[in-house]
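One structure below.
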Amino acid sequence: MTARPTAFIDAHHHLWEPQTLEYGWLRDIGSPKPFGDPTAIQRDYTKEEFWTEASACGLVASVHVQADGALPDPVSESRWIAEQAAREPGPGQPGKWVGFVNLLHDDAPALLEAHAAVPGFAGVRHIVARTVTAPALSFVPTELMQNQDWQDNFGRLGTRGASFDLQLYPDQVDDAVALISRHDTTQVIVDHCAGPYFLLEAYHSNAIPAAEPSLAHWAEGVWKLSRLPNVSIKISGLGMYHPAWDAQNCRVIFQTILDAFGPERVMLGSNFPVDKLYKSYAEIVDIWNNWIGELSEDEQSEIRVGAASRAYGLTG
C-alpha cells in the first residue's frame, strides 16, 4: 500500500490567466525578469493544474499571493481568486489570498478597504526587493521602505488586521527591522527565504554556499528579522536564486532559517508556477521532506501547517 502524503499548507503560490486580467509582464512574452526567462510560464496556470500537482503531494490548504503590481485594478485579482476558490476541484482553495496595494499612492487606504471586502483576503504584498550589488535582480527602482508615504500606508495595515508579505534582499534588512519595530501588531511574513541572491554565484561556480561572506551577510539579516516576534518566514522561491537547488546545496539556507525562527514561525511555499521553471512540485516537496523529516512530529507539524495557519488565519 502506498503511504498517504503528509499534509501541508502551501503558503505561497500563484494562479493566473493572462488574457482574463490585465497582467503586464505575463503578456510581455520573453521579456527578462529578475528570476530569469519567464517564457515557459507566460501562459494560463489554473487552479485545476495547481490542484492536480499539489494535492497529490499532500496539500490541504494554500495561500495565493498577488502576481502583478502593475494591474490597473489590483482588486480584480482578488475577486478572480475568490471565484477560483469556489470552484472544483478543491473547493475552498486557495483558502486565503494576499493582494497588491501600492503603498506609495494616495488611494492605498481605499484599495485596502476594497480588498478587505473580498472574502478570504489576508493581507498585502508590495515587493520592495532592490539591491545595488546586482541591479538586474531588483524589482523596484527606489528604496520604498525609506519613503514616508510608503511608511504611513504600511502603518494602516495593522489597524485593519491585514498582514504584509515582505519580499526583500539582505541589504534592506535594517530598514525593514526599523519599520516593523514601529508596527508590532502587524503580522509580517518574509517571502522567499529573505532573498539569498548570492546563491546565483554558487550556482554559476557549482559550489555549495557553506562559507561564503555573502552567506554570513544574509544569515545576519535572517537573525535580525527573527528577533521581531511578529515576523515569520517562508521556505520558498529558492529556484529564483539557484536554478539547480537541491536538498544538499541549499541545506544551509533551511538550517539557518530554522535555527533563527524556530519551527513555529517557518512555513513552506512552492512559489508555483514561477519555481516550476526549475523543479516539479513533487521534487520541491521531496526536498522539504528531506530537510524536516528528522525533526520531531510536533516540529514538523508546525512547519507544514501550524506557522502558516496562524500567520494567515487558515483552517485546514
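When residue 232 is tested against (1) surrounded by 17 or more Cβ atoms within 10 Å (Cβ to Cβ); (2) within 20 Å of residue 131 (Cα to Cα), only condition (2) is not met. Is it true that some residue in region 206-222 is small (Gly, Ala, Ser), more than 30 Å from residue 178 (Cβ to Cβ) and modelled with pLDDT under 95? Yes: one or more hits. Within the option set 204, 183, being without any contact (Cβ under 8 Å) to a residue 24 or more places away in the chain and either under 17 Å from residue 35 (Cβ atoms) or touching a helix residue (DSSP H, G or I) at 6+ places or on another chain (Cβ under 7 Å) (or both) holds for one residue only, 204.
Of the candidates 265, 304, the single residue that is charged (D, E, K, R) and touching a residue at least 60 places away in the same chain (Cβ under 8 Å) is 304.
Scanning region 246-260 for residues that are surrounded by fewer than 23 Cβ atoms within 10 Å (Cβ to Cβ) and of a type outside the set (D, E, K, R) gives 247, 248, 249, 252, 254, 255, 256, 258, 260.
Just one residue in the set 15, 71 is more than 16 Å from residue 268 (Cβ to Cβ), hydrophobic (A, V, I, L, M, F, W, C) and under 17 Å from the mean Cα position of the chain (by Cα); that residue is 15.
Of everything in region 234-290 that is polar (S, T, N, Q) and under 17 Å from the mean Cα position of the chain (by Cα), the residue that is nearest to residue 210 (Cα to Cα) is 236. Against the list (1) surrounded by fewer than 23 Cβ atoms within 10 Å (Cβ to Cβ); (2) without any contact (Cβ under 8 Å) to a residue 40 or more places away in the chain, the condition residue 275 fails is (1). The set of residues in region 1-30 that are among the small types (Gly, Ala, Ser), in contact with a helix residue (DSSP H, G or I) (Cβ under 9 Å, 6 or more places away or on another chain) and assigned to a loop (DSSP other than H, G, I, E, B) comprises 7, 30. For beta carbons closer than 6 Å, sequence separation of 6+ or different chains, a first residue in region 155-174 that is farther than 15 Å from residue 117 by Cα and a second that is assigned to a loop (DSSP other than H, G, I, E, B) and of a type in the set (D, E, K, R), the qualifying pairs are 165/191; 167/191. Among the residues of region 51-73, how many are part of a loop (DSSP other than H, G, I, E, B) and out of contact with any strand residue (DSSP E or B) (no Cβ under 9 Å at 6 or more places or on another chain)? The total comes to 5.
The values are calculated or read from the model by the stated rules, or taken from the named source; none is laboratory data. Just so you know, these numbers come straight off a predicted model, no measurement behind them. Positions of Cβ are backbone-derived with ideal geometry, glycine not excepted, and every protein chain shown enters the neighbour counts.
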